[in-house]
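Report on the structure given below.
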Amino acid sequence: MSENNENWLEVSDESGIEIEDIVRFDHDNKSYCVYKLEDGYYATDGLCTHEAVHLEDGLVIDDEIECPMHQGIFKIKTGEAISPPACVDLKTYPVKVDNGKIFIKILSK
């Protein structure tokens, strides 16, 4: 038995998800966002680190997500906060696609 306690959670079916789309996923009282970019899927926390607004309603341009409330911008691939008022990075999560299903790995401590 592996000590690496993998916790892959199914988020969505990948059909119908276009580039620059966002899929919200809620699990254990926490929100996540999965993004489809030109080179694949990425996942971050689903709430802006500035005012806890859901990023699912934000605007994705290239590899950045803009918060719908105060227009803070984050790099999707790294979670880096790159435009005020956002100054705390988003957490990112591994993503995989298996048999047309999107999964994210929630790392437990």
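Only one entry of 30, 77 meets the criterion of being among the basic types (Lys, Arg) and out of contact with any Gly (no Cβ under 8 Å at 6 or more places or on another chain), and that entry is 77. Filtered by the rule that a residue be of a type in the set (Val, Ile, Thr) and under 20 Å from residue 81 (Cβ atoms), the stretch 1-58 gives 22, 34, 44, 49, 53. Scanning the stretch 75-109 for residues that are free of Cβ contacts under 8 Å to residues at least 12 places away in the same chain and in a loop (DSSP other than H, G, I, E, B), we see that the one that is surrounded by the fewest Cβ atoms within 10 Å (Cβ to Cβ) is 109.
Return a yes/no flag: does the stretch 42-65 have any residue that is loosely packed, with under 15 Cβ neighbours inside 10 Å, free of Cβ contacts under 8 Å to residues at least 40 places away in the same chain and of a type in the set (Val, Ile, Thr). Scanning the stretch 42-65, I find no residue that is loosely packed, with under 15 Cβ neighbours inside 10 Å, free of Cβ contacts under 8 Å to residues at least 40 places away in the same chain and of a type in the set (Val, Ile, Thr), so the answer is no.
Taking the stated definitions as given, is residue 13 free of Cβ contacts under 8 Å to residues at least 60 places away in the same chain and under 20 Å from residue 106 (Cβ atoms)? When the stated conditions are applied, residue 13 does not pass them.
All of the numbers you see were taken from the coordinates with simple rules; none came from a lab. Worth saying up front: this structure is predicted, and the values here are computed from it rather than measured. We place every Cβ from the backbone using ideal geometry, glycine too, and count neighbours over all the protein chains shown.
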